[in-house]
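A short write-up of the structure that comes next.
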Amino acid sequence: MQQAKMILLRHGQCEGGNILRGKTDVALTPLGVATMEASVKKLGGALQAAPLTIYSSPLIRCQQFAQNLVADINQNRSFSQQLNANEPVNKREVDCQTSLLAEVIQMPQFQEVDFGDWDGQTFDALYQHDGQAVDSYWTNPWLHTPPNGETMLEFEARVTNGLAEVSGQLAAQLSSLKQLKGQVSGESSLASSPETDSDSDIDFDNGTATGNEKATALIVTHGGVIRCIMSHILGLDQCADLYSQLAIDYGATVVIDVYWPEQAVTKQAVNSASEIESTQSMTRPAASKPVYRLHWPS
C-alpha cells in the first residue's frame, strides 16, 4: 500500500488588526512568524522526509514564510550531503539526491475565500453598516454571499480541486521514487559485492532516499481552507458550524495520512477457470481515488 502525508499549516497573526481577512494581502507580524516557526519545530522529523514539497497560498502571509522555510530545509540538506561527499555514489544516486530537494509551489486553490466588498473591513464597521447580512452569511454561507464575493460553492470547488491535485502529485512522486530506487539498487548491485551492497541505499532521513518512501506535502494556507478540507474528508456537507464554531488557531497544524489501497483481483472479476488460476495471487491498484485519515488540529 502506498502512503503519503499532508500537513496543513495555518498562517500566523497578521498586520491590519481585527479585520475580515480574505483576499486582503497583509504580512505577518513578528509574533505571527514566531508562532509558525514554533509549529514547524513541533513537527520535528515530519519535515525531514523526502521528497518534501511545500505548497502555499499566494498571499504574502503564507508564501513568504513558505519560501523562507524551504530555503532553510534545503540548506540543511545540502550541508548533510556535503558531510557525506567522500562516500562513493553513482550518477543515479546524485540525480536522486538532487530531486529530493524541497520546493515551494504557489497554489491559488489554497487562497482564503474572497469576501468581496466586505474584505479588509473591520468587524465593527461591518456589523455597524451591514450586520444582518453578515449574520446571515455566517449562519448559512451557501445561501448568502458577500457583495461581489466568492460563493461558498466556488470556494469549496477550488479547494477540493487543489486537494486532489496535491494528492495526484504525491502519488506520482511515490511512483517515480520507487522506480528510481529500483534503478539505483540494480546498478549498485552490479558495481558492489554482496557484503557492501546494502550500503548503497539512499538515506531519506537526511534528504536522501531509503527503502520506506513516504512523500510529504506541507500546505501553508488559511483557516477557511483548512476547515473546507476537513469538511470534505469527514463528509460533512454544508456544515456551517464547522466554519463558525471550530477554532483553528494561528499556526495550527492538521496532519492527514493519505493511502492508495490495493485491491485483490477477485474471482468474480475473472471469466474462466484458467484466468482465475493465473490471477489469484495478483493485486492491482484501486481506483486513483485516495483514502484520507485526519488527525485533529493541534
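Here is how the numbers come out for the structure above:
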item	result
Filtered residues of the range 17-33 (kept if in contact with a strand residue (DSSP E or B) (Cβ under 9 Å, 6 or more places away or on another chain) and not polar (S, T, N, Q))	GLY17, ILE19, LEU20, ARG21, VAL26, ALA27, LEU28, GLY32
Within the range 34-46, considering residues that are touching a strand residue (DSSP E or B) at 6+ places or on another chain (Cβ under 8 Å) and at pLDDT below 95, the one farthest from ILE256 (Cα to Cα)	LYS42
Pick from the range 3-41, criterion under 23 Å from LYS214 (Cα atoms) and not in a strand (DSSP E or B), ranking: farthest from the chain's Cα centre (by Cα)	LYS41
In the range 17-41, residue surrounded by the fewest Cβ atoms within 10 Å (Cβ to Cβ) [restricted to those that are touching a residue at least 60 places away in the same chain (Cβ under 8 Å) and closer than 21 Å to GLN67 by Cβ]	ALA38
Residues satisfying the stated conditions in the range 135-150, i.e. of a type outside the set (Ser, Thr, Tyr) and surrounded by fewer than 19 Cβ atoms within 10 Å (Cβ to Cβ)	ASP135, TRP138, ASN140, TRP142, LEU143, HIS144, PRO147, ASN148
Scan of the range 117-148 for residues that are closer than 21 Å to ARG227 by Cα, in a loop (DSSP other than H, G, I, E, B) and touching a residue at least 40 places away in the same chain (Cβ under 8 Å), ordered by number	ASP119, GLY120, ASN140, PRO141, TRP142
Hits in the range 42-72 (condition: part of a helix (DSSP H, G or I), closer than 14 Å to GLN106 by Cα and open to solvent by less than 30 Å² (accessible area, probe 1.4 Å))	ARG61, CYS62, PHE65, ALA66, LEU69, VAL70
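The values are calculated or read from the model by the stated rules, or taken from the named source; none is laboratory data. A quick note: this is a predicted structure, and the numbers were derived from the prediction, not measured. Backbone-built Cβ (ideal geometry, glycine too); neighbour counts: all protein chains shown. For the accessible areas, the whole protein counts, side chains as well, though only heavy atoms, and no ligand, DNA or RNA atoms are used. Shrake-Rupley method; radii C 1.70, N 1.55, O 1.52, S 1.80 Å.
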